[in-house]
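Step one of this worksheet: look at the structure below.
Quick note: the coordinates plus some simple rules give every number you see, no bench work behind them. Because the structure is predicted, anything quoted here is derived from the model rather than measured. Here the Cβ is made from the backbone with ideal geometry for all residues, glycine too, and neighbour counts use every protein chain on show.
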Amino acid sequence: MKRVLFAAALLLVAGAAFAFNPAPATASTSTPRVGVLRVSQEYEHAEASVAKMVVRYMLDELRDRGLDAYDTRLTYEEVSDGAGEDADYYVEIVGAGGDSGSYGGLGVGTYDVGVSVDLVVSNVVAELRVYDGRNGNVVLSETLNKRKKAVMPTMVYLGGSRLFAALTVPFVQHAQFKSVTRSAARDAAQKVAAAVQPLPAQ
């Protein structure tokens, strides 16, 4: 009787520890099914915005590497509560942050036309997590840190005897930030592809 009670207690503890839906045996294939999780609602707007960009780019990168990746449209909390489809692995981006700024502007040109050339620095930092969809164990947890520097025109000056105007070029910084974000997503996809293992067909 004691053995029966002890076994039942172990089952209750294991069930409470993690609530991911176990993938059915028939779902195992040679290509792992990877669910990409949405950003948790607990993060601030700026962090969530960066994380969503990384997630969007990473989904494409995973598919390009031949993985059966899909957007769960659910957060970690929702999937751990049993919502959504079953996956062999789940991927989450946690605590993402980033910025883009210009430094040390140098004006080049004449009184009529000129260009301000700055050093533009963009940075993205996030934590990548990969979970085993069958038991919820963390398969991989690594920090992504991508940084890019480039000398770019950030402002155009138009002047004259009766007119002077300075036109900023914000899309230059935005374009570089998108580039560094895609680079972070590419690194994330590479790490995920190396971490997940093909499952034996049943």
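For a straight C-alpha distance cut-off of 16 angstrom, the aspartates and glutamates reachable from LYS148 (same-chain residues fewer than eight places away being disregarded) are ASP99, ASP118, ASP187. If the chain linking ALA175 and GLN190 were pulled fully straight, counting 0.36 nm for each residue of separation and taking away their Cα-Cα distance, it would gain 3.1 nm. For ASP68 and ALA150, the FRET efficiency from 1/(1 + (r/R0)^6), where r spans their Cβ atoms and R0 equals 41 Å, is about 0.70.
Within the straight-line cut-off of under 19 Å between alpha carbons, the lysines reachable from LYS191 are LYS52, LYS146, sequence neighbours fewer than 8 places apart in one chain being disregarded. For THR143 and GLU78, the difference between the fully extended length at 0.36 nm per residue and the C-alpha to C-alpha distance is 21.1 nm.
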